[in-house]
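Q: A single structure is presented below for examination.
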Amino acid sequence: MHVAIIGNGITGVSAAIRIRQLKPDWKITMISGESDFHFSRPSLMYIYMGHMRYREAKPYENSFWERNDIGLLRDWVLEIDSGAKRLLMHSSDLIYYDKLLIATGSKSNKLGWPGQDLKGVQGLYDLMDLRELHENSEGVKSAVIVGGGLIGIELGEMLHSRGIHVTFLVREDSYWDNVLPAEESALINGLIEQEGMELRLGTELKEIFGDRSGRVRGVETSTGELIDCGIVGLTAGVSPNIDLVRDHEIPTGRGVLVDSGFRTGVEDIYSAGDCAEIVTLGDGRNLIQQVWYTGKMQGKAAGESISGLDTTYEPGVWYNSAKFVNLEYQIYGTVNNAQGTLEIKDEQNLYWEHPNKKHALRLVHDGSKILGINTMGLRYRHRVCEFWIKEKRSVGYVLDNLKEANFDPEFFRRYESEIVGNLKEQQT
Ligand SMILES: Cc1cc2nc3c(=O)[nH]c(=O)nc-3n(C[C@H](O)[C@H](O)[C@H](O)COP(=O)(O)OP(=O)(O)OC[C@H]3O[C@@H](n4cnc5c(N)ncnc54)[C@H](O)[C@@H]3O)c2cc1C
């Protein structure tokens, strides 16, 4: 039995490792056009800023793959021939498979802006983008970043660390307020300005201008402002990378459509991770998860399904973590954004913020049980927060036991009574 896996990201490797555990004698080939070995994509920014070398971003030693008899192939897949069960490769080779996993990740959105293909205009997703950024940032004094999300702020920090003046164009009225509640979003607005970067809210990109050599020289915004710049970062979100299956018999929506066992509509073809759209039966909403830890969980579950186990993927309690410059952010469970797009019956929010605007905590509950937790500038323990939400602990219980979740005893010794006192007062 030969399993071919397209993609050596966290999803592909988690699947490969799980299949090897379950099927010691199956042949496994993991294919990637991007890199010989799996690396941590969230580390891209640290490599650029010199905090880490590329080889330190590889979670497994090079010898791990040979020891586990997982074949690695560096090539691009150009076409899936599901009738003949073979892949046509960029090198012109043909790879035959018995089972196939598509784990091709995401790609940066390019929304058809005039000038988006000029030199110096780029996204930040893969090692090719990182190489391009090294070249593009050479000698550049200012940059414009389009889009206010997690990758945008990373790109801003990266360029800022090289002394490049950064201006963000953000369509929303506050940074990432399509995800964050108003207060947390306001903290990010303040932070960007404190760091010496500029923020244009309620502003979109209208056009990108180039010079005679085809290199970007500036942009015009929707408010008519002209901004000179040598780099334009396009970070208006990512979409599932389904290029390979777009005109294929494999059913697609926004991503590759799969059931909760990661099966596509075509026999022996599976898909998981950022590129997959899980058709959840019942509530009519499909699930696309585009973060590291869900890639890991989905890859493992897809590996089980491919190996013949009767696996049903359970998304569990939502979790994400990121860094806005030096401000750590974590979310557990369900926390509504400023527009309140997620409907929570009887939603109540308790929110504490330190006057220095560097620490904040939000507890969301429905009058009885805790539903979600947001932290800014505080690190909470994943295991504890997940347990509280899963076990439907009351908000009173959470407040009485808050210190169990905190990673930083020093911070808590100083602030715990203030935080708990303040949040309890809001409850009454
Ligand atoms: C800059 C950045 C920072 C991030 N930071 C965080 C973070 O802090 N926390 C977090 O949770 N998530 C973060 N993410 C998101 C996280 O990295 C992704 O959710 C995760 O990498 C998805 O894993 P994946 O295996 O599904 O896809 P990917 O990691 O995208 O891997 C897909 C692989 O498939 C390969 N591939 C695609 N098409 C083909 C083809 N035709 N032929 C051969 N190979 C192909 C690609 O080259 C790639 O190597 C970040 C993402 C980026 C871009």
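Here is a yes/no grid of residues against (1) within 15 Å of V258 (Cα to Cα); (2) within 12 Å of the ligand (Cβ to nearest atom); (3) outside the structural domain of R18 (by TED's automatic domain parsing):
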position	(1), (2), (3)
A276	yes, yes, no
V279	yes, no, no
L287	yes, no, no
W292	no, yes, no
G295	yes, yes, no
Q298	yes, yes, no
Y313	yes, no, yes
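Q: Mind checking whether some residue in region 254-266 is within 11 Å of the ligand (Cβ to nearest atom), in contact with a Gly (Cβ under 6 Å, 6 or more places away or on another chain), within 18 Å of G105 (Cα to Cα) and not aromatic (F, W, Y)?
A: no
Q: Condition check: near the ligand (Cβ under 8 Å from one of its atoms) and in contact with a Lys or Arg (Cβ under 9 Å, 6 or more places away or on another chain). Does S35 satisfy that?
A: Considered against the rule, which asks whether it is near the ligand (Cβ under 8 Å from one of its atoms) and in contact with a Lys or Arg (Cβ under 9 Å, 6 or more places away or on another chain), S35 comes out as yes.
Q: Select from region 80-114 the residues that are surrounded by fewer than 18 Cβ atoms within 10 Å (Cβ to Cβ), farther than 21 Å from I306 by Cα and of a type outside the set (A, V, I, L, M) and list them in ascending order.
A: Result: H90, S91, S92, D93, K107, N109, K110, G112, P114.
Q: Follow-up. In region 2-13, how many are farther than 12 Å from P59 by Cα and touching a Lys or Arg at 6+ places or on another chain (Cβ under 6 Å)?
A: Here the count works out to 2.
Q: On to the next question. Considering only region 368-383, I want to know if a residue exists there that is in contact with a Leu (Cβ under 6 Å, 6 or more places away or on another chain), in a loop (DSSP other than H, G, I, E, B), touching a residue at least 24 places away in the same chain (Cβ under 8 Å) and not hydrophobic (A, V, I, L, M, F, W, C).
A: Yes: one or more hits.
Q: While we're here: Return the residue satisfying two criteria in turn: it lies in region 239-253 and is surrounded by fewer than 21 Cβ atoms within 10 Å (Cβ to Cβ) and closer than 20 Å to L124 by Cα, and of such residues it is farthest from the ligand (Cβ to nearest atom).
A: The residue in question is S239.
Q: Still on this structure, please answer the following. Considering each residue of region 50-82, count those that are more than 12 Å from the ligand (Cβ to nearest atom), of a type in the set (A, V, I, L, M, F, W, C) and not in a helix (DSSP H, G or I), and give that number.
A: Going through region 50-82 one residue at a time, the tally reaches 2.
Q: Sticking with this one: Is it true that L78 is hydrophobic (A, V, I, L, M, F, W, C) and more than 27 Å from the chain's Cα centre (by Cα)? Spell out the reasoning first.
A: Details: hydrophobic (A, V, I, L, M, F, W, C): yes; more than 27 Å from the chain's Cα centre (by Cα): no.
No.
Q: Right, something else. Go through region 255-277 and give me each residue that's within 18 Å of the chain's Cα centre (by Cα) and surrounded by 24 or more Cβ atoms within 10 Å (Cβ to Cβ). Talk me through it step by step, then tell me what you get.
A: First, pick out the residues of region 255-277 that are within 18 Å of the chain's Cα centre (by Cα): 255-256, 271-277.
Those that are within 18 Å of the chain's Cα centre (by Cα) and surrounded by 24 or more Cβ atoms within 10 Å (Cβ to Cβ): G255, V256, S271, A272, G273, D274, C275, A276.
The values are calculated or read from the model by the stated rules, or taken from the named source; none is laboratory data. For clarity, every value in this text was computed on a predicted model and none was experimentally measured. Heads up, the Cβs are rebuilt from the backbone with ideal geometry, glycines too, and the neighbour counts pull from every protein chain shown.
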